[in-house]
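Engineer: Here's a structure for you.
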Amino acid sequence: MKKEPEQYRLLRDFMDHVPDVIYFKDKKGRFVLVNRAHAKGLGLKPEEVIGKTDFDIFPRERAKLMERDDRKVMTTGKPIIDKVERATRPDGVDNYVSTTKIPRFDEKGRVIGLVGITRDITHRMQIKRLEEERARIGKKLEVLEELNKLESGFISAVSHELRTPLAIIKEAIGVVIDGLAGPVNSQQKDFLNRAGNNIGRLKNLIDDLLDISRIETGRLRLHYSLVNLNDLIVDSADHFRRLAFDKGVKLQYQLPKKEINIFVDAERTVQIVNNLIDNALKFTEEKGEVRVRVDILEDKVRVAVFDTGVGIGKEDLPKLFNRFVQVSRVAGAGKKGVGLGLSIVKELVHKHGGEIWVESKSGVGSRFYFTLPRIHSVNILNGDTRDRVNNLLNDGKRVYLINLLVINSREIKIDTLKLINDLKNIVEQAFRLVASTGEGGFRINSADTRRAEFSVIFPDATDKKVSLAVDFLKEKIRDYFIKNRVMNLFVNIGKFPYVEKEEDAGNFHIKNVHIGFEKRNFKRVDCNGDMEICFSDRSIGLSVQTVDISQGGICFLSKGQLKTNKLIEVKLRSSKSKAPVSFKARVAWIKPIEESRGKVNKYKIGAEFSGIKGKSKKELLRLIKSLSSLNKRLKL
């Protein structure tokens, strides 16, 4: 048997394996040769297509269109290149194709047929459509952004213009009420007092509009100082107690006995707390109760305002923090605004790097929670540190505080005192590289040798300088532990308060430098699976998806919202155990996860284990070990 020439074999391989449809037709439109892709698309074998025309395979109207293009190519002798059209395959699937048809000539230059190539470009067309849609939406967003800028500018300009005449009117009313412009009878004084009260309301509205304008245009600045959060909350307590007493509502404060030293914008933090308390009193009826509670967590402070008021309907919760939105409440429950208060509160909390959420039920009451970041240890923030930092801030200087903490220092086989002294020397080397001399230089504050923690005040610097120092610090600390044969350590540097842009940073920064085997108290293990949450007050369980687990607690995703501090029972099953393992836990924090347009889709929830002892602790450790081993195998 004669061996097939190499060029023919290459051509046959190309025809058999190319995914595009390739075919040859004679002058009567009959298929002379087709490749496998063409035949497969028709549900036939290549030899079953030979001799047929498009009228034998496709619907008549479609075949007539194909024939028209064939005639055009064979009559004019000119090809049709990349003709895009929508088509329906024989199996009924709609798609887009690009077709090229090229005339075939004999040795005398006469047209004897054509060669056709058809490619499925459905995916390409989808991408093109998406790009066109994105461009269209982009233009709309540009227009909306421009309108927002105009709106914000208008609101800002009008608000500023209203402030001056409003202040003059208020002062004039005060002069008249005080009798400085002549005697005023009781009826006149009553009218003037009402006018003064409404001027106060109007001023608050103007302040809210200005805040929204500053937030939208990125001009809102936070001015940090080191304060005791308890003092901030107590400062306004007398005012709210009088309001509560007048309305017949019981107001309680549950504050920690120890100081809560925290870096915040004091004025804005007071605004957050006061707004929530004011709302709670406004929507709580006589004989009701409002509680303000502060809890100290490991790296944050959680403030809660509870009330037994009218509550908020389930359908209104997702839009509660939106701008210019007023949720439905009982008529006459209190003064109405324009729906900006909670929106501003949310923005201020987020600016501080915190989170805010609400739990409420119509007719039962509401629980508003928000968190603020705090330094891991309070020992370094007392006495001289607070005074020094606040004096620098009051002088208009930008201040950095570098807080260095060695995690699980007992696991590091170096004497703690020696470790602290060695780290101090490293810090001094790092900051001498970038620090200016004199008053602008850094200062190492008193260290907590028990916790292997200390801080560095670095005033009047720039973020670039401090970043250089911290990078040097990280490198030298790693070298130090390698030299001392301490392996598997990490150095993690985080920024707090969190800011998205440098210009939003205000006048204060904290950088937390964590060194050690684990940043958290307990090692967390990925636990991507299903579990069941049971409640003490009902038998029905809630199916959720776990995120991670440790000796201290568990993190999971839930479509249903739980209440903070709620007691739950967690049921988990490992790959090796037949029966699920149960643990008692308490909900510690809740973070709403928003989709587009601010709609809450699900919640990320952290629960702390309670009462884990003896057999329960062994079961938990066994479960964590099992999951850890599984994760290692999956990574291999």
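The values are calculated or read from the model by the stated rules, or taken from the named source; none is laboratory data. None of the values given here were measured: they were computed from a predicted structure. Methodologically, a virtual Cβ is constructed for each residue, glycine included, from the backbone with ideal geometry; neighbour enumeration extends over all protein chains shown. Ligands, DNA and RNA are stripped out before the accessible areas are found, and what is left, the full protein with its side chains, is counted by its heavy atoms. Shrake-Rupley method; radii C 1.70, N 1.55, O 1.52, S 1.80 Å.
Engineer: Compute the length gained on full extension between residue 608 and residue 586: take 0.36 nm times their separation in residues and subtract their Cα-Cα distance, giving the result in nm to one decimal.
Structural biologist: Gain in length upon complete extension: 7.4 nm.
Engineer: What FRET efficiency comes out for residue 214 versus residue 545 if R0 is 41 angstrom and r is the Cβ-Cβ distance? Round to the nearest 0.05.
Structural biologist: Working from the Cβ atoms, E equals 0.55.
Engineer: Given a Förster distance of 35 Å, report the FRET efficiency between residue 617 and residue 238 from their Cβ-Cβ distance, rounded to the nearest 0.05.
Structural biologist: 0.15
Engineer: In what sequence, largest accessible area first, do 557, 621 appear using a 1.4 Å probe?
Structural biologist: Largest accessible area first, the residues go 621, 557.
Engineer: If you don't mind, another one. Apply 1/(1 + (r/R0)^6) to the Cβ-Cβ distance of residue 26 and residue 123, taking R0 = 30 Å, and write down the FRET efficiency to the nearest 0.05.
Structural biologist: Approximately 0.35, to the nearest 0.05.
Engineer: Continuing with the same structure: Run the numbers for residue 202 and residue 16: contour at 0.36 nm per residue of separation, minus the present Cα-Cα distance, in nm.
Structural biologist: 59.0 nm
Engineer: Suppose the chain between residue 175 and residue 55 were pulled fully straight at 0.36 nm per residue; how much longer would it get relative to their current alpha carbon spacing?
Structural biologist: The residue 175-residue 55 span can extend by a further 33.4 nm.
Engineer: Identify all aspartates and glutamates with a Cα-Cα distance to residue 591 below 14 Å; exclude those on the same chain that are fewer than 8 residues away in sequence.
Structural biologist: In chain and number order, the partners are 355, 359.
Engineer: Please compute the modelled spin-label separation between residue 69 and residue 569, points set 7 Å along Cα→Cβ, answer in nm with one decimal.
Structural biologist: Those two pseudo-labels are separated by 6.8 nm.
Engineer: A follow-up question, please. With respect to the cross-link table entries 282/314; 300/361; 40/83; 397/464; 300/464; 351/397, which display a Cα-Cα separation exceeding 25 Å?
Structural biologist: Exceeds cut-off: 300/361; 300/464.
Engineer: Once amide H atoms are built 1.01 Å from N in the peptide plane, which residues 5 or more positions from residue 581, or in another chain, come under 5 Å H to H?
Structural biologist: Residues meeting the amide H criterion: 572, 573, 574.
Engineer: DSSP loop GluC sites (Glu not before Pro) in segment 55-149 with at most 13 other Cβ atoms within 10 Å of their Cβ, which ones?
Structural biologist: 107
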